[in-house]
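Single-structure report; data block below.
Nothing in this text is a laboratory measurement; each read-out follows from the coordinates by a stated rule. All figures in this text were calculated on a predicted structure; none of them were measured in a lab. We place every Cβ from the backbone using ideal geometry, glycine too, and count neighbours over all the protein chains shown.
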């Protein structure tokens, strides 16, 4: 493996000149710069970023944890794209991990991020106690909680107004004539679940309708969990006539059960979802959604983290972005 000494020898310059060129830390003439770059390319020399991080106190990397990419819902992918667009403009690289809403997996990733000296963390926090996350907070490491309000911890927050979005969706279903509106959430985030539940109850009560506990179900982040919950909801008497779901992955499970039971959507049971995707524009049945500004959420979270890196002692900030309703009519 080539070393910086090999590059200096091949280019016929000092080690300091090689360092200045490769780290872009000082002005170097074009002639010397080209010689160093040619030598480094010929030797396939790579900077030891970990050693440089120890020396400079910054790795120029950010760690980010999301639940999963592997869903039909593009929400997390769009959040990550927003984060990357902001960070890349400031010469930061992103290290990404998927936790699948497992707090133990989250903790292992945080350990790995700490070992790699990341400058900060962006995290969709999972439910449960995580000593590693507590260490980050106690040591005043830069952390931004994304999409979910922190549980028993303080920090910067970038999220969407879950309760407001849920109120909008349920109010639309009520205005469409539904009086028995069910709610299906993912139970892995206490804050999202609680805000969904609050928005659902508020919309029903504002219309003078009850919000029976049996009309609310939680599942894991899976179509299988949604199928089981949907079967339970359809078994109620009288049957629910509308279901508002946490995300599009749950919607796939709901629609599978409606199809297997030959229940027409939206004629007999209407389905709405939080999150949106372009493929819904050509999808049957028509699914109206609450559009969360996912790309903007990623940008906002990254900008909050950069502010924290620039000023570690600034007051914690919570930013809630507003969702919008997108109504799709049957084709």
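Contact order normalised by length for the range 95-252, with contacts defined as Cα pairs under 8 Å and 6 or more residues apart; what percent is it? Please report the intermediate quantities before stating the final value.
Values: 221 pairs, mean separation 30.9, N = 158.
Across the range 95-252, relative contact order equals 20 percent.
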Q | Helical contribution to [θ] at 222 nm, DSSP H n ≥ 4, -39,500 (n - 2.57), averaged over the chain, rounded to 500 | A | -14000 deg cm²/dmol
Q. Highest GNM mean-square fluctuation, the chain, Cα pairs closer than 10 Å: which of 115, 171, 42?
A. 42
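Please give the contour-minus-distance gain from residue 232 to residue 256: 0.36 nm per residue of separation, less the Cα-Cα distance, rounded to one decimal in nm.
On the way: separation 24, 0.36 × 24 = 8.64 nm, distance 1.38 nm.
Roughly 7.3 nm would be gained on extension.
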Q: Set the Förster radius R0 to 22 Å, insert the Cβ-Cβ distance between residue 176 and residue 239 as r into 1/(1 + (r/R0)^6), and round the FRET efficiency to 0.05.
A: 0.85
Q. P(r) of the range 263-307 in 10 Å steps, Cα pairs, percent per bin?
A. 24, 35, 22, 14, 5, 0
(Q) Helix 103-115 against the longest principal axis of the chain: what's the angle in degrees, Cα atoms only, rounded to the nearest 10? (A) 20 degrees
Q: Evaluate 2.2 N^0.38 Å with N set to the residue count of the chain, then give the Cα radius of gyration divided by it.
A: 1.24
(Q) Could you compute Rg(Cα) / (2.2 N^0.38 Å) for the range 162-291, with N its residue count? (A) 0.94
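Starting from the Kirkwood Rh over alpha-carbon pairs, what translational D in µm² s⁻¹ does the range 222-283 have by Stokes-Einstein at 25 °C and 0.890 mPa s? Spell out each step's value before the answer.
Values: Rh = 11.8 Å.
Reported coefficient: 209 µm²/s.
How high is the relative contact order of the range 162-291, in percent, counting Cα pairs under 8 Å that sit 6 or more residues apart? Walk me through the intermediate numbers first.
Numbers: 210 pairs, mean separation 33.5, N = 130.
Relative contact order comes out at 26 percent.
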Q. For the range 55-131 and the range 286-331, what is the separation of their Cα centres, given in Å?
A. 16 Å
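In the chain, what percentage of the DSSP-assigned beta bridges are antiparallel, given to the nearest 5? Before the final figure, lay out each step's value.
Numbers: 3 of 38 bridges.
Here the share of antiparallel DSSP bridges comes out near 10 percent.
Which whole-number percentage describes the relative contact order of the chain, with Cα contacts under 8 Å and a sequence gap of 6 or more? Write out the running numbers ahead of the final one.
Working: 583 pairs, mean separation 60.6, N = 331.
Relative contact order comes out at 18 percent.
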**Q.** Distance histogram in 5 Å bins (all Cα pairs of the range 64-189, percent per bin)
**A.** 2, 9, 18, 21, 18, 13, 8, 5, 4, 2, 1, 0
Q: With just the Cα atoms of the range 250-331, tell me how far they stretch along each of the three principal axes, in Å, largest first.
A: 58, 22, 16
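What whole-number value in cubic angstrom gives the convex hull volume per residue for the C-alpha atoms of the range 132-181? Write down the numbers at each step before the final one.
Details: hull volume 4.1 nm³, N = 50.
About 82 Å³ per residue, rounded to a whole number.
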Q. Pick from 317, 194, 37: which residue has the top mean-square fluctuation in a GNM of the chain where Cα pairs under 10 Å get a spring?
A. 37
Q. With axes computed from alpha carbons, what is the tilt in degrees of helix 75-89 against the longest principal axis of the chain, rounded to the nearest 10 within 0 to 90?
A. 30 degrees
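The range 99-161: D in µm²/s via Stokes-Einstein (Kirkwood Rh, Cα pairs, 10 °C, 1.306 mPa s)?
Working: Rh = 11.8 Å.
Diffusion coefficient, whole number: 135 µm²/s.
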Q. Relative to the longest principal axis of the chain, what angle (0 to 90°, nearest 10) does the C-alpha long axis of helix 190-206 take?
A. 30 degrees
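For an R0 of 35 angstrom, estimate the FRET efficiency from the Cβ-Cβ distance between residue 278 and residue 42 and round to the nearest 0.05.
Details: r = 46 Å, r/R0 = 1.31.
Given R0 = 35 Å and the Cβ-Cβ separation, E is 0.15.
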Q: Mind grabbing the base-10 log of I(q)/I(0) for the range 137-215 at q = 0.14, 0.16, 0.17 Å⁻¹? Debye formula, identical points on the C-alpha positions, no solvent, two decimal places.
A: -0.53, -0.63, -0.69
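I'd like the FRET efficiency for residue 321 and residue 6, computed as 1/(1 + (r/R0)^6) with the beta carbon distance as r and R0 of 35 Å, rounded to 0.05. Present the calculation step by step, with values, prior to reporting the outcome.
Values: r = 51 Å, r/R0 = 1.44.
The formula returns an efficiency of 0.10 here.
Once you have the Cα-Cα distance between residue 164 and residue 194, take 0.36 nm times their residue separation minus that, and quote the gain in nm to one decimal.
Values: separation 30, 0.36 × 30 = 10.80 nm, distance 1.23 nm.
Here the answer is 9.6 nm.
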(Q) Would you work out the Kirkwood radius for the range 4-47? I mean one over the mean of 1/r across all pairs of different Cα atoms, in Å. (A) 9.8 Å
Q. By count of other Cβ within 10 Å, fewest leading, how are 291, 240 ordered?
A. 291, 240
